[in-house]
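Okay, so here's the structure we're looking at.
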Amino acid sequence: MTEKEKMLAGQIYSATDPQLLEELAAAREVIHDFNRLRPSEHERKMELLKVLLGHIGDDQIIVNQPFHCDYGKQIRVGRRFFANFNFTVLDEASVTIGDDCFIGPNVSIYTACHSTDPIERNSRQEWAKPVTIGDNVWIGGSVTILPGVTIGDNVTIGAGSVVVADIPSNCVAVGNPCKVVRQL
């Protein structure tokens, strides 16, 4: 398997693989262009997002600048998606976001995992776990979503939360670690 195939399969891979570094650099070029556009250049923003992201549900999405991601191709967003300023996605694994989702400012989604052992970590070997967010989800400002998390449908995640485990559908969840506080 190539290092990219290992990465996408959730296996340990080398983060310094030349193919992966090349793909990271190419994505950063598109992100740079996207973030330098004027806010009124919606059509050009959509063109660049279609180049960068793996899937866009429709042209009714809004991603406010700045936006940051690693590869882009592992990100899938549904219809009528909205992301506010400083949305960051480390998409070494798939990140799937459903229809009618709203992302507050300064939200980060991480799929990359690193060893807690410093010798292993310094080898630049890592692995990744996917993140899935259902339909009709509102992620409040400054939320961090960690690798391997699934958030169900019709969920509100309160501002400042750190989502470390799955959140079921039809609820409000808040805190660090994020926990369900109310069923809908």
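Principal semi-axes of the equivalent ellipsoid, √(5λ) from the alpha carbon gyration tensor of segment 19-110, are 18, 16, 12 Å from largest down.
Taking every C-alpha pair closer than 8 Å and separated by at least 6 residues, the mean separation divided by the residue count of segment 1-112 gives a relative contact order of 20 percent. Using the Cβ-Cβ distance between R38 and T132 with R0 set to 35 Å, the FRET efficiency from 1/(1 + (r/R0)^6) comes to roughly 0.55.
Peptide packing for 171-178, 40-47 was compared via the average number of neighbouring C-beta atoms within 10 Å per residue; ordered from the highest value, the list is 171-178, 40-47. Of the options (i) 19; (ii) 24; (iii) 15, only one is percent of Cα pairs over 30 Å apart as computed from these coordinates, and that is (i). Accessible area per residue was computed with a 1.4 Å probe on protein heavy atoms; L90 scores about 50 Å². Within the full protein context, the accessible area of D99 is estimated at about 40 Å² for a probe radius of 1.4 Å. Relative to the 2.2 N^0.38 Å rule of thumb, segment 98-142 has a C-alpha radius of gyration ratio of 1.59. Over the residues of the chain, the helix contribution to mean residue ellipticity at 222 nm works out to -6500 deg cm²/dmol, using -39500 (n - 2.57) for each DSSP H run of at least 4.
Computed from label points 7 Å out along Cα-Cβ, the spacing between E22 and S142 is 4.2 nm.
Were the residues from M1 through F85 laid out at 0.36 nm apart, the gain over their Cα-Cα distance would be 26.5 nm. Relative to one another, the C-alpha centroids of segment 1-65 and segment 124-166 are positioned 19 Å apart. Multiplying the residue separation of V172 and T116 by 0.36 nm and removing their Cα-Cα distance gives an extension gain of 17.0 nm.
The values are calculated or read from the model by the stated rules, or taken from the named source; none is laboratory data. Keep in mind it's a predicted model, so treat the numbers as computed, not measured. We place every Cβ from the backbone using ideal geometry, glycine too, and count neighbours over all the protein chains shown. Just so you know, the surface numbers come from the protein's heavy atoms only, side chains and all, with ligands and any DNA or RNA stripped out. Shrake-Rupley method; radii C 1.70, N 1.55, O 1.52, S 1.80 Å.
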